[in-house]
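To start, the structure under review is shown below, and the notes come after it.
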Amino acid sequence: MYRPQFAYPLSPEPCEDQRCTYSFDSTNTPGLSGTLAAAAQTGRIPLSLDLDADFYLRGISTQGPVSFRLTDPETNPLSDGENAAQSTNFELPTEYSNTNGAGIVALESGAGGVFAHGSANFLLYLYNPTASGIDLTTCVVNLHGIKVYRQRCE
Amino acid sequence: MKLEYLKQADAILTKCGRPILPGGVTAVPIYKGFLMPMVLAAGGGTAGQRAVMLSKIIQGDTPWVLRAISSDVGSNSLIGVRIQIQFPNGRYLFGGNGIDLGQFCWVGSSRWLQDPELRIEPGGRINVTLVGNATTNQLDRPVNLLFEGAYLYFMKGGQLLPATGDLKNLVSQWPRYQGTPNQNILAPCWRSNEGIRTPPGFSDEYWIYSSPDPQDAGAQATWTISGAVIQSPYPQTIEIPIEPGSDFFVRRMLFDVSGTSLSVGATVYGRIRTGAGYALDQSYIELAGTLSGVEFAAHWKVHGGDSIYIDVFPQNYAGTGTVSIQVHAEGFRRYQVKG
């Protein structure tokens, strides 16, 4: 489960932080459907956030054997080794973020996490590192973090 | 809760160096969990979905903070039951459309951590929505959640604060209506003579402007309907002139739609505007059903010498005969006092 590795500062009053997780799977993400062929990659899959508040991403957990690469709404890569071979830039979830494995990737970037405006899109790219097709309807990406409600700050 | 125990806990925690709120106020947290057993009953068929929403009321004599959630549906796979949790502040725990139960949480170290913790006052309600899909519809699905946290007993100088124990200082225990002259919080302020006053040098007078009576000016606001076909005229513009010398402030409008017989009828759609170009509504709306008699939240000011125009046309017409409309605008005229 998600555990912050160190204490994050609370937003200054009267802003309010509230715990939130975005969960993307085949029921709410059209890109997570069908079969991804062996050694194939998908195009970018937008992961849309809610309108009501900004979001700070603090951790990622996944399910499924497919490797993934994630960029924040500013298109900064969150898991990209920037190697020449594209396929080596994808994270192997069974070793890092898969809930069958170590569990969760805790992010330590910035004071509050990786910032995303309300209604922004994280961008997901998938890669099949195996020798057979992967059913994408079994794949899940969970974005753990907080929403910052700012109505009373303005 | 026995006061002596709280005092002892307060003293011990203070010696442990915990944070102290401004004014020397401290809080003694006493563990409390709320169990929420639920069953998503089978049903909905193989093609549809089934859903259930259940509530847990947070009870107690002092605020309670949510710190963790445990679930007995621990899994590492998608199980086809989606969950969404709504807190008393109206906000949701999950973004988008919730999370699959198999991805949510389990017990012990796999509990959901609520960080930062969420304070809930007594009487607050946690709503849980479970949605099953076509596959999981075939069986009953029991789901048990344990909301874990602590009561917060606020103390100062070794004594309970008045906010704790008798509830009278908690916002959640305040009366819904605050004893103001306006007891209906949804009523416009002018109903109880509150709000913006008539500015100095002006005088207000209750007034109703009406469009011409269809009996006298049938060509302006009457449609002849025969066999579900409108014969004349279509569409039509009704004008209500506002006399020069005083501005008119509209509080509400009445749309009187009538037919010549019981067998003829229509719903009238319209757009309301002034001659100066201001449109009260941009698109055509069903006037009698949506706007008739509705009190405006703020007065609609129409300048003297201008006119209210209502572009109208009938829809859903049937029968044979004529349908007519008369429009009344209720409010007040504002005169400048001569002096």
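Criterion first (within 8 Å of chain A (Cβ to nearest Cβ), part of a strand (DSSP E or B) and surrounded by fewer than 21 Cβ atoms within 10 Å (Cβ to Cβ)) does B:Gln84 satisfy it? No. Checked against the criterion of being polar (S, T, N, Q) and within 13 Å of chain B (Cβ to nearest Cβ), the candidates A:Thr62, A:Thr71, A:Thr42 yield just one match: A:Thr62.
Name every residue in the stretch A:66-82 that is surrounded by 17 or more Cβ atoms within 10 Å (Cβ to Cβ) and more than 22 Å from A:Ala131 (Cα to Cα), in order of residue number. If the condition is that a residue be surrounded by 17 or more Cβ atoms within 10 Å (Cβ to Cβ) and more than 22 Å from A:Ala131 (Cα to Cα), then A:Leu70, A:Thr71, A:Asp72, A:Pro73, A:Leu78, A:Ser79 are the ones that fit. Does the stretch B:90-104 hold any residues that are at the interface with chain A (Cβ under 7 Å from one of its Cβ atoms), on the phi < 0 side of the Ramachandran plot and not hydrophobic (A, V, I, L, M, F, W, C), and which are they? If the condition is that a residue be at the interface with chain A (Cβ under 7 Å from one of its Cβ atoms), on the phi < 0 side of the Ramachandran plot and not hydrophobic (A, V, I, L, M, F, W, C), then B:Arg91, B:Gly95, B:Asn97, B:Asp100, B:Gln103 are the ones that fit.
Taking the conditions exactly as written (in contact with a strand residue (DSSP E or B) (Cβ under 6 Å, 6 or more places away or on another chain) and surrounded by fewer than 16 Cβ atoms within 10 Å (Cβ to Cβ)), does B:Ile57 satisfy them or not? Reasoning before the result, please.
Working: in contact with a strand residue (DSSP E or B) (Cβ under 6 Å, 6 or more places away or on another chain): yes; surrounded by fewer than 16 Cβ atoms within 10 Å (Cβ to Cβ): yes.
Taking the combined requirement at face value, the residue satisfies it.
Of all the criteria given as (1) facing chain B (nearest Cβ under 9 Å); (2) more than 22 Å from A:Gly103 (Cβ to Cβ); (3) more than 14 Å from the chain's Cα centre (by Cα), the one not satisfied by A:Arg19 is (2).
Scanning the stretch B:232-269 for residues that are without any contact (Cβ under 8 Å) to a residue 12 or more places away in the chain and not in a strand (DSSP E or B) yields a total of 1. Can you find even one residue in the stretch A:111-121 that is surrounded by fewer than 21 Cβ atoms within 10 Å (Cβ to Cβ), under 11 Å from the mean Cα position of the chain (by Cα), within 14 Å of another protein chain (Cβ to nearest Cβ) and not β-branched (Val, Ile, Thr)? Yes, that holds for at least one residue. Checking each residue in the stretch B:1-42 for being acidic (Asp, Glu) and surrounded by fewer than 16 Cβ atoms within 10 Å (Cβ to Cβ) picks out only B:Glu4.
Specify the residue that is farthest from B:Phe94 (Cα to Cα); the eligible residues are those in the stretch B:114-152 that are within 11 Å of another protein chain (Cβ to nearest Cβ) and at pLDDT below 90.
Step by step, filter the stretch B:114-152, then rank; the result is B:Asn133.
The values are calculated or read from the model by the stated rules, or taken from the named source; none is laboratory data. Just so we're clear, the structure is a prediction, and the values are computed from it rather than from any experiment. Reconstructed Cβ throughout: ideal geometry from the backbone, glycine too, with neighbour counts over all protein chains shown.
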